[in-house]
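Throughout, read-outs are computed from the coordinates displayed, never taken from laboratory work. In this text the structure is predicted, and so the values were computed from the model without any measurement. Glycine also receives a Cβ, built like all others from the backbone with ideal geometry; neighbour counts cover every protein chain displayed.
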Amino acid sequence: MVFAHFGAERYADGVVWARRLIEKQPENLMANYLLVAASAMQKDSTTAAEALARSLRLQQDFSLAWVSSTTPLIGEVADRVLEGLRKAGLPEK
């Protein structure tokens, strides 16, 4: 559901579903980084920063390059995920 909402540019709904998934699976890196991206896209820098810090704890080499090479997303949706992560301050490498 997180992917579907993010892909449809319903970022607030994406945040809700990412949080639900993280409650059940706190170490789910993809849910955490989608929370970062969705929060950043709706200009919620506090939530984005908290989720980014958690993502960096979960994956030591977490970066835009890492996400680009591992994400199952392609095309415009992947570009928006990377844009959100970039807005939140995720390093390139």
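Some observations on this one:
- Here L90 meets the list (1) free of Cβ contacts under 8 Å to residues at least 40 places away in the same chain; (2) on the phi < 0 side of the Ramachandran plot; (3) of a type outside the set (K, R) almost entirely, failing just condition (1).
- Across region 9-29, not a single residue is classified as assigned to a helix (DSSP H, G or I), of a type in the set (S, T, N, Q) and either touching a residue at least 40 places away in the same chain (Cβ under 8 Å) or surrounded by fewer than 20 Cβ atoms within 10 Å (Cβ to Cβ) (or both).
- Residues of region 30-76 that are surrounded by 14 or more Cβ atoms within 10 Å (Cβ to Cβ), β-branched (V, I, T) and assigned to a helix (DSSP H, G or I): V36, T47, V67.
- Positions within region 3-37 being in contact with a Ser or Thr (Cβ under 9 Å, 6 or more places away or on another chain) and aliphatic (A, V, I, L, M), in sequence order: V15, A18, L29, M30, L35, V36
- Filtered by the rule that a residue be of a type in the set (D, E, K, R) and touching a residue at least 40 places away in the same chain (Cβ under 8 Å), region 53-85 gives R80, E83.
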